[in-house]
Every structure is written in C-alpha cells, then in structure tokens.
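Right, one structure below, let's go through it.
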Amino acid sequence: MATKRLLKYSLLSTVGIGSFLAGSYYEKNNNSIVCKPCLPIFGTVSAAVPFTTSPQTTSSNASRISQIMKYGFPGMDHVRSFDDFVLSYDRKTRVAHWVFEHLTAENTKKNDGVDRALCDFKPDESIHSYFRSENSDYKRSGYDRGHLAAAGNHKGHQKHCDQTFYLSNMAPQVGVGFNRDSWNRLERYVRKLTNTYPNVYCCTGPLYLPKKEGDGKKYVRYEVIGEKNVAVPTHFFKVLVMETSDGHLEMESFVMPNQVIDNEVPLTSFQVPPESIERAAGLLFFDNVSRSKISKINGKKQ
DNA sequence: TTTTCTGT
C-alpha cells in the first residue's frame, strides 16, 4: 500500500519536474527580453516606494493612480499601474490577484476616436518571462483571454483601451456562456452604475476555491494551460464601492463560477458577503473605508 | 452592446 502510494507520488513528481525543467531551458534562451528599459513599463508601486519611482510615471498619472486606489490596496504583491487601472500580479498562477478601476459616467463614455478593433492582445513584457503569460498559452486552450479590467470601461482614450489588452490583465475564461454572456452582463451592470453614482470603484480578480471531492476531503483544483502553465481560475469576483452624491458609500460584491451560466440567472443571485471574498482571496478590500460609513451592502441597509 | 476564437 505504502509502496504503491510512493510510486504514484514519484510518478507525479517526475511529470512535474520534467515540465519544470523544460520550462527553465526555454526561459534561459529568452532572457534577453527581460528588463528592457524603454518598454512602456508602468510605474511600479510598493508600500516602501510610492508610485513616483518610474521615469514613465508623470505627476498626472500618479494622481490618477491615487484616485483609482483612493480606498486602499487589497494587497501589495507585484503592483503595476497603468494609465487608467492598477493591477497586482501573481507570478505563481500567471494571472493577476486583482485589478482596480475607478469609473465615472465621463470616463466610461464612448469616445469616437477609440476603436477596440485596433487593440491587440500582447504579452506584458514588464513581467519576467518566467512568469508572464503568452498568447500561445491561450491558443487552442478552449478558453478566452478574458479581460479583468474590461476594455469597455476604458473607451475615453485609445491608449487606455490598448493597455487593457496586456495579457497581465487577462485570465482564462469560459467563452460562450461566461465571458461573452453572464460575466459581460455583470460588466455592463457595473458600467451602468455610473448613471446612478458619481464614482464607482471596482476591484476584479480570480478565485481558486476549494471543493469537496469523493473522499470527503477538500481540495483546491484548477487546470493550467500552455507552456507557462497559466492557471484557470475556478471563479471570479467583483467588489464595488459606489459613492452617492450625498457622500454615502454603498458596497456590492459578486462571485461567479468560471463556467457556462444560464443567461436568465439574475445577477443578484451571485452576490456574496464581501468578507467571504476577502477570506478566499487573501485580500482586504477598501481597507481605508470605515465599514460604518457604508450605508448599504448588496442592497441591504447596514 | 460587448465579449472573443477559428490547426482558415
């Protein structure tokens, strides 16, 4: 029995190590791509060194970043700021931990000059090649390159729309029935909130949730795709804070499984307490906000 | 309306 288990274990290790070694060999031949100084590297933000360290970070986008991040950073792992959104990258899964956006009626309004068709999905070369996802990882994987910060939220400037197409802002998502349907429905709902609230703060990210299997034990199990083993999240979350015109705050939070969802299922049925997402993701949302200032959570008065 | 992929 013990021998059998050992055999099984060593077999698994062999497979794991084999592909790991293949990966490192590949990487070593591609080291020249790392750390090119003049690529559009977006200001790196960390607790110790605030967002003024990158020569590319101008004072105007530094103030935009502090506006986007007004209510606090959910976590500080490999934070990267773009012109109109901020993300934290998870090197292990090759998918962001979270992305943060600040939406208003003004900045989500369609600008005639901005064309999504001009955008290309592109690897984010500011991330070390060991850890960055490539278009080839997604190709024929069966999954969409699903935006975390939605392209539709950044139609004010072509550059903003372009930046949402970096693969650091993508996650493998089920296409038909999820990304192109119910997840898109949720994204449109969030955009529409800017008609009601002057400011909407939106944090989006993946979850890898444990599930009880046949032996009664819980396991976190997720598929990985491509050479880089990009993780396929089991679920995605959105946590929103809306500022009302009279200075109150309201919060809404959603979790959707990364699977085909019937279009008739109402979005409210995906609402969950924000605490449950914080525990599952290892993040703290809107940490700068006293929860006593929040007048409603998921539509319920506090 | 917006979200994508197709061993062409």
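Tabulated values for the structure
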quantity: Filter result (surrounded by fewer than 20 Cβ atoms within 10 Å (Cβ to Cβ), near DNA strand B (Cβ under 10 Å from one of its atoms) and touching a residue at least 60 places away in the same chain (Cβ under 8 Å)) within region A:174-192; calculated: A:V176, A:D181, A:R185, A:R191
quantity: Members of region A:276-298 found to be within 20 Å of A:L186 (Cα to Cα) and in a helix (DSSP H, G or I), listed by number; calculated: A:S276, A:I277, A:E278, A:A281
quantity: A:V114 vs. criteria modelled with pLDDT under 95, more than 7 Å from DNA strand B (Cβ to nearest atom) and of a type in the set (A, V, I, L, M, F, W, C); calculated: yes
quantity: So A:A149, is it more than 7 Å from DNA strand B (Cβ to nearest atom) and in a loop (DSSP other than H, G, I, E, B); calculated: yes
quantity: Cβ pairs under 6 Å, 6+ apart, first in region A:227-243 and within 21 Å of A:E134 (Cα to Cα) and among the small types (G, A, S), second modelled with pLDDT of 95 or more and in a loop (DSSP other than H, G, I, E, B); calculated: A:A231/A:T93; A:A231/A:Y222
quantity: Options A:G226, A:G282, A:G247; residue that is surrounded by fewer than 20 Cβ atoms within 10 Å (Cβ to Cβ), within 23 Å of A:Q67 (Cβ to Cβ) and not acidic (D, E); calculated: A:G247
quantity: Filter result for A:K301 (of a type in the set (K, R), in contact (Cβ under 8 Å) with a residue 60 or more places away in the chain and out of contact with any strand residue (DSSP E or B) (no Cβ under 6 Å at 6 or more places or on another chain)); calculated: no
quantity: A:R94, sole failed condition from (1) free of Cβ contacts under 8 Å to residues at least 12 places away in the same chain; (2) more than 9 Å from DNA strand B (Cβ to nearest atom); (3) at positive phi; calculated: (1)
quantity: Residues located in region A:152-165, provided they are small (G, A, S) and either more than 9 Å from DNA strand B (Cβ to nearest atom) or over 17 Å from A:Y189 (Cβ atoms) (or both); calculated: A:G156
quantity: Selection within region A:130-142 - surrounded by fewer than 22 Cβ atoms within 10 Å (Cβ to Cβ) and more than 6 Å from DNA strand B (Cβ to nearest atom); calculated: A:Y130, A:F131, A:E134, A:N135, A:S136, A:S141, A:G142
quantity: Qualifying residue in region A:77-85 (condition: touching a residue at least 60 places away in the same chain (Cβ under 8 Å) and of a type in the set (S, T, Y)); calculated: no
quantity: Counted residues, region A:152-190 - those being within 24 Å of A:Q271 (Cα to Cα) and in a helix (DSSP H, G or I); calculated: 17
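The values are calculated or read from the model by the stated rules, or taken from the named source; none is laboratory data. From a predicted model like this one, the values you see are computed outputs, not experimental measurements. Virtual Cβ from ideal backbone geometry, glycine too; neighbours counted across all protein chains shown.
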